[in-house]
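The values are calculated or read from the model by the stated rules, or taken from the named source; none is laboratory data. Please read these numbers as outputs of a predicted model, since none were measured by experiment. Here the Cβ positions follow ideal geometry from the backbone for every residue, glycine too, while neighbour counts run over all protein chains shown. In case anyone asks, the SASA skips ligands and DNA or RNA and just uses the protein heavy atoms, side chains included. Shrake-Rupley method; radii C 1.70, N 1.55, O 1.52, S 1.80 Å.
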Amino acid sequence: MELLIFYPLAGLCVIFALGVVFNKNPIGSAMSLIAMMLGLAGIFVLQQAHFIAILQIIIYAGAIMVLFMFVIMLLNLKGDDAVWKKREKNTLLTVLTGLLIAGVLYKVLEITSAGEFDSPAHVLETFGTVREVGTILFTEFVLPFEVASILLLVAMIGAVVLAKSKVD
Amino acid sequence: MEPIPAPSIDLVSLAPVLVLTVFGIMVLVTDLFIGKNKSALVFISLTGLLMAAISSLAKYDLPVYSFNGAYIVDHLSVFFTFIFCISSALAILVSIDFNQREGIKVGEYYSLILFCTVGMVLLASSTDMIMIFLGIEIVSICLYVLAGIRRNDPKSNEAALKYFLLGAFATGFLLYGMALIYGTTGSTKLTIIAEMIREGSVRSEPLMLMGVVLLIIGFGFKVASVPFHMWAPDVYQGAPTPVTAFMAVGPKAATLAAFFRVFAETMPEISPSWGILLYILSVLSMFIGNLGAIMQTNIKRLLAFSSVAHVGYLLIAIIAKNSLGSASLMFYMLAYAFMIFGAFGIVILIGRKGDENLEIENYSGLAYKHPILALSMTIFLLSLGGLPPLAGFVAKFYIFSAALKEGFVVLVILAVLNSAISFYYYLKVVVYMYMKEPIKEFNITLSPMTLFVVAIALFGTLHLGIFPGPIIALAQY
């Protein structure tokens, strides 16, 4: 039953992820990314992580994608790919890189298929609920949670320093 | 609904982090009110660093675990906290005159250095992979911004952008590695991971090994070891010189401390698998770093390649994975801080506004005009090469003896061979200073603060070289 939902969702994710790469139009790419995020959120729901699923939609599909759209529209990127054609094509290098990555993927597949994944993880009743996530964040992971705020502060300062209009 | 239990919070072990964060914010706020003259910010930052160094001694019975085993105050972390405070203080001192000369009037500069130090302290004291990740990110983001702080200089922009893009890419590897290890062991805490590995059930788990490999790639990038070093020369060259010196010491030391904790302390039982990778990384870093440095004509690029080679030596301490290894890591980084700040201090002194004199041939004949500067530079460079009785020699000696104790004879022979190679390019600069005619007039302003840093560095290099005993005893404690 679970697999019946999982495979269509995963398939859609892969299709839309490919759409991000192959779409000529940046807006189209960004839209595919949103669809991919929604698919991922569905997979999270399937894993009993409702809270993470909601966060995925609010933060990634919502906030971050809006930011992407803003940047794309501000930069006024058009569908034409004139920017990307400057580099000369090097067939030999392309083929070699492709073979290398194919080799890596094959190895990864070999390793992961050899691992034993049939035993389902032991999961508590309350796993994935808002309350449980909050409890863990404020007890066991209280230090990383607070340190993340320093990280955000630093990133904010950095962005302001580099982007403010007056150059001194 | 039952209430959520209150977390156990140990603010005393966090003291250096808290002090630095508070002072970092204080610098930001003060900057709003003081106008053009930024010397008050320097004073506040230095006070913060001093207080952080003192507050790191607040715990007595080391090691102290806190925050459910996510944070540790032990000998390594206290010693490294001192190294960070010293190197950040030197970086701020060496920036004063440089920033005035080059017109860097950004008050956030000092607070970014303080926040970067926060990240380094966290990195050296973390025993949880999430914390290590956050520490690395705090340090990296500060460095991206500091590298690009000269916004009207295209080189500086290039450095920041390159560093940022490649750094973000490497972070992906690091995080993926951490996720895989979390997946196999079920915990992000290093102590629990170590226990799982000791029990043996996850030792040959392929996902675990893949995680280890990805971690090595991530860490390898952050410390700039070959083959993940490509960013280093460009970033070192493009960043403002005090920032270059800063990023060559503190962040590198912090990442190596975390590297040591994750590999040598957490997973010594599976060292055959990661040891061989680090072995290759170390040998490659030494050879490519040293051979690359020979070809450089720019002093900052030369020092960048030499720092790649030094990472090669430092990785030996992790490969040795014994207590002497951690002690030699501490001593090496302290000695390295003095040598690097001394050398970069002189590089700053030689330059002037609009013309930084970064080519090695600009050093021709320095010995005739400024014999003391030339002599100090010679001492720093020879110490970097590892000539007795200077600090660099003692540092290398302890790293090599840590490796010999574990039987890595070939590795030590390769490292000694590399030290010999490195003298070629260090001496090249010395030859230019002493044996060539000046190609142009030196126009050096001997700015007092930079001279002060060079003097401290000179004292440190000589003192650690001639009387290493007390510091070694402290490091081995």
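Some values worked out for this structure:
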{"item": "Criterion violated by residue B:105 - all others in (1) more than 9 Å from chain A (Cβ to nearest Cβ); (2) surrounded by fewer than 23 Cβ atoms within 10 Å (Cβ to Cβ) satisfied", "result": "(1)"}
{"item": "Single unsatisfied condition, residue B:180 versus (1) surrounded by 18 or more Cβ atoms within 10 Å (Cβ to Cβ); (2) within 24 Å of residue B:88 (Cβ to Cβ)", "result": "(2)"}
{"item": "Residue match in segment B:47-56 (condition: open to solvent by 10 Å² or more (accessible area, probe 1.4 Å), closer than 25 Å to residue B:353 by Cβ, β-branched (Val, Ile, Thr) and more than 9 Å from chain A (Cβ to nearest Cβ))", "result": "no"}
{"item": "Qualifying residue in segment B:119-132 (condition: assigned to a helix (DSSP H, G or I) and more than 26 Å from residue B:19 (Cα to Cα))", "result": "no"}
{"item": "Qualifying position, being within 14 Å of chain A (Cβ to nearest Cβ) and either open to solvent by less than 30 Å² (accessible area, probe 1.4 Å) or of a type in the set (Phe, Trp, Tyr) (or both), among B:235, B:243, B:226", "result": "B:243"}
{"item": "Of the criteria (1) facing another protein chain (nearest Cβ under 8 Å); (2) open to solvent by less than 10 Å² (accessible area, probe 1.4 Å), which one residue B:126 fails", "result": "(1)"}
{"item": "Residue, surrounded by the most Cβ atoms within 10 Å (Cβ to Cβ), within segment B:130-155, restricted to residues that are more than 8 Å from chain A (Cβ to nearest Cβ), out of contact with any strand residue (DSSP E or B) (no Cβ under 7 Å at 6 or more places or on another chain) and modelled with pLDDT of 90 or more", "result": "B:146"}
{"item": "Selection within segment A:46-72 - open to solvent by 70 Å² or more (accessible area, probe 1.4 Å) and free of Cβ contacts under 8 Å to residues at least 12 places away in the same chain", "result": "A:58, A:59, A:66, A:67, A:70, A:71"}
{"item": "Every pair of residues 6+ apart whose Cβ atoms lie under 8 Å, when the first sits in segment A:128-141 and is more than 8 Å from chain B (Cβ to nearest Cβ) and more than 19 Å from residue B:128 (Cβ to Cβ) while the second is open to solvent by 60 Å² or more (accessible area, probe 1.4 Å) and among the β-branched types (Val, Ile, Thr)", "result": "A:128/A:52; A:132/A:126"}
